[in-house]
Structures are given as C-alpha cells and as structure tokens.
1. Considering only residues that are modelled with pLDDT of 95 or more and aliphatic (A, V, I, L, M), which ones fall in the range 2-12?
2. What is the one condition in (1) of a type in the set (A, V, I, L, M, F, W, C); (2) surrounded by fewer than 22 Cβ atoms within 10 Å (Cβ to Cβ); (3) assigned to a helix (DSSP H, G or I) that Cys94 does not satisfy?
3. Could you pull out the residue among Asp326, Asp370, Asp349 that is in contact (Cβ under 8 Å) with a residue 60 or more places away in the chain, among the acidic types (Asp, Glu) and assigned to a helix (DSSP H, G or I)?
4. Does Arg69 qualify as being over 24 Å from Leu149 (Cα atoms), out of contact with any Phe, Trp or Tyr (no Cβ under 6 Å at 6 or more places or on another chain) and surrounded by fewer than 20 Cβ atoms within 10 Å (Cβ to Cβ)?
5. Could you identify the single residue in Pro357, Pro335 that is loosely packed, with under 15 Cβ neighbours inside 10 Å and either assigned by TED's automatic domain parsing to the domain that holds Leu206 or more than 19 Å from the chain's Cα centre (by Cα) (or both)?
6. Report yes if some residue within the range 170-188 is under 14 Å from Phe334 (Cα atoms), within 21 Å of the chain's Cα centre (by Cα), buried (at least 24 other Cβ atoms within 10 Å of the Cβ) and touching a residue at least 12 places away in the same chain (Cβ under 8 Å); otherwise report no.
7. Output the residues belonging to the range 336-354 that are among the basic types (Lys, Arg) and farther than 19 Å from Ile45 by Cβ.
Amino acid sequence: MRCLGVIPGTRRVDVVTRPEPDSPREHEVLIEVMECGVCGTDRHIIQGGWGLPEAGRDALVLGHEPLGRVLRVGQAVRHLAEGDLVTATNQRSCGQCPPCAAGEPDLCLTAAGTGRGIRGMDGFLRPRLVDDATFCVRVPDGLRDVAVLTEPLAVGEKCISIVRQTQRRLPHSRWTDQADAEDWAQGLRFLVGGAGPVGTLLAVALRCHGGEVLALDGAPAGGVKARILQAAGVHYHCTAGMDLTALEQMLGPFDCSIEASGSAELFVALWRALGRNGVAAVVGGFGGPHPSLHPRELLGQMMGRNQALVGLVASNPRHFQMALADLEICRRRFPAALAAIITARYDFDHACRAFEPAGPDDVKRVITLDGA
C-alpha cells in the first residue's frame, strides 16, 4: 500500500509502503482515507522538527487532518457504522494519567502520548488504516466538502473553550450573562493574530457566535486571506508597515487576544492591546525574532488590568464535535467564506507540491487519496 511519509533527516516527502491493514478488532474501525489536510506542523517535521517514526520503522507516514469513510466496524463500536464519514484526532492517550483516562489526551500529564502523523505513530496519508474508534468522530454527510477542516478548527475550538472557562471568573459580564446563547460572543471584541488555517477558522468561528473580530496578518489587504475573512464579517488588517506597538491606540482595547501565527513579536503586540479583565491566548508555539520584554512590564499589565494568559496545543474528540457544529453554523451564516478556505487540492501523485512553503494566498491545502 502506497503512503506518503518522511525519513527523518532527508528533508523530503517520499512514497513509503505499508501492508494492508488487518480486520478491525473489537473497539476498532477500518477506514478508507479520502483526503487529508496539510499544515505547518507537517512542514516542520519534513525540515527536521519533532517528527518521530513508530518503533522499528525508519519512516513516518505523515498526515493528521483526515477525512475518511468507515469500511468496517468492530463488534463493540456503537457510535459509528459502515458507510459513515469520519475524522479522527491525532493526539493519543498515554493510558496512565487522569486526563487521558477522562478522554482528554491533549492534556496528558506524562507527555508520553503519541500523535498520528507526528510522533511515534503513522499518520493518515495512506489509502486505508485500522484505528481506535475512541478517537474517531462521525461527520454529517452534508459537510463532506469541508469536513477536512475539522482538525484545525478543533484547535481553535479548544482555544475558545478554554478562554470561555477562564472568563467565568467575571460574574455579571457578557462572558457569563449570555453563555448559553448561540450568539454568546455578542458585544465582545476579539483580536486574532495570524490568518493561517487555525487563525482563519478561529476568527470565523468567533464571528459565527456574534463576536466582533479583527485579524492581523502579513498577507496583502486585497488578497485571498483578507477576502475570506471579510466575507465572514472579520475586520482584516495587514501588518506590513504597521506600527505594532500602537495597536491599542489604533484598534483596541480588546476583550480577548489570540496569537495563532507563531510570532513572539505579534504576541507581545496583541497582549499590549488587551483591555481590562481581558484574556490572552497562545495557540501553538513561537518562531521568528523575540523582542526584548522585561517581566516587570508583563506582570505589571496583567496585574494592573486583571488579565489572564493561557496557552494550549492539540485537541480531543469533544473539540472535534464542537468544530463540526460550528462548520454547520458557518455554512448557514457565511457560506462564501467557508467554501474559500480550502485554497488548493492535490492528488496523490502531485502531493509533494502541497508541502512547499505556503504563500500569501494559501490558507488550507488538501491532498486527495482517490486512486492512491
């Protein structure tokens, strides 16, 4: 069976072979993989980042943003049936700590959890595989064309969930008074740094729930990213030539700032634009230049304005369910924006192009596995 993978140290994507999967055991499902999204984590692995093959193998099969169809189910599986569309989380359980036992391996305490297509476990860029049904989530048939976006949106959903939990510290505020409404974000202002897949999907999800959202990115103001966000009612600002030290004076203050670009410089700018009682969230890691920031300034603002800072990575099946629900809302409210987020598709034989550096008009690239 032909798969797409990388041998650590080679810095290139190759076709690697794997045997056909066995029949699913009691709690497993056999999945035909239809397509898989590509993200910056894949490129980082290819360039020699944190990717790690399975024990005893020299190559790691890539892919952690799948959409597939269930071919067969184990006898104990109840939430999936043959023919269902399905996606699956990449983060897997260590089997030992309380968060993993509670179904939240993204909060693993031992840091021993594996990740499909990332660390210690082959990914989804292959025609078929058997997987643990615990980590598989059924996809409504009506979302077939956009369901490959579930994993990156699930990261954003985890961010939204943690931000909302954090802001329960503020009784009698918009965060709490309208918490049960679909438009729970009405009257709240959000500043999102980065218009890659996670940042774009996160910004659109916040608009789905009524928030006022501003997004910052280096892509041109008239480009593809700007048009997608504007179609969802997001206010887009290009950072080229912008004085990031003056964000609060120009645009703020904000109830929440979310850094999703991986830029330490942009994080500091977003944090400085955060208003009183605000919460700042960091999605993923940092790269690029690190500005000089004295801890006194950070601590002084956080205490003086009663602010909170949270960091997060990965997601779990609960966040996938939230992502699918918001994809339904987005299809209803902002269909043009949702349809445009997948900016390129590649078949298996041309898949290497999907891993090339992203350009200013790239949001989400997808590899289709039909005929792989």
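1. Going residue by residue through the range 2-12, those that are modelled with pLDDT of 95 or more are 2-6.
Residues satisfying the conditions are Leu4, Val6.
2. (3)
3. Values: Asp370 fails: assigned to a helix (DSSP H, G or I); Asp349 fails: in contact (Cβ under 8 Å) with a residue 60 or more places away in the chain.
Only one candidate qualifies: Asp326.
4. On the way: over 24 Å from Leu149 (Cα atoms): no; out of contact with any Phe, Trp or Tyr (no Cβ under 6 Å at 6 or more places or on another chain): yes; surrounded by fewer than 20 Cβ atoms within 10 Å (Cβ to Cβ): yes.
So Arg69 does not fit the description; no.
5. On the way: Pro357 fails: either assigned by TED's automatic domain parsing to the domain that holds Leu206 or more than 19 Å from the chain's Cα centre (by Cα) (or both).
Unique residue meeting the criteria: Pro335.
6. Applying the first criterion (under 14 Å from Phe334 (Cα atoms)) to the range 170-188 yields none.
Checked against the condition, which is being under 14 Å from Phe334 (Cα atoms), within 21 Å of the chain's Cα centre (by Cα), buried (at least 24 other Cβ atoms within 10 Å of the Cβ) and touching a residue at least 12 places away in the same chain (Cβ under 8 Å), the range 170-188 yields no hits at all.
7. Arg345, the sole residue that qualifies.
Here is a yes/no grid of residues against (1) surrounded by 23 or more Cβ atoms within 10 Å (Cβ to Cβ); (2) over 24 Å from Cys330 (Cβ atoms); (3) assigned by TED's automatic domain parsing to the domain that holds Pro8; (4) touching a Ser or Thr at 6+ places or on another chain (Cβ under 6 Å):
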| site | (1), (2), (3), (4) |
| --- | --- |
| Pro98 | no, yes, yes, no |
| Gly103 | no, yes, yes, no |
| Thr114 | no, yes, yes, no |
| Leu125 | yes, yes, yes, no |
| Arg128 | no, yes, yes, no |
| Glu157 | yes, no, no, no |
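The values are calculated or read from the model by the stated rules, or taken from the named source; none is laboratory data. Keep in mind that this is a model prediction, so the values were computed, not measured. Glycine also receives a Cβ, built like all others from the backbone with ideal geometry; neighbour counts cover every protein chain displayed.
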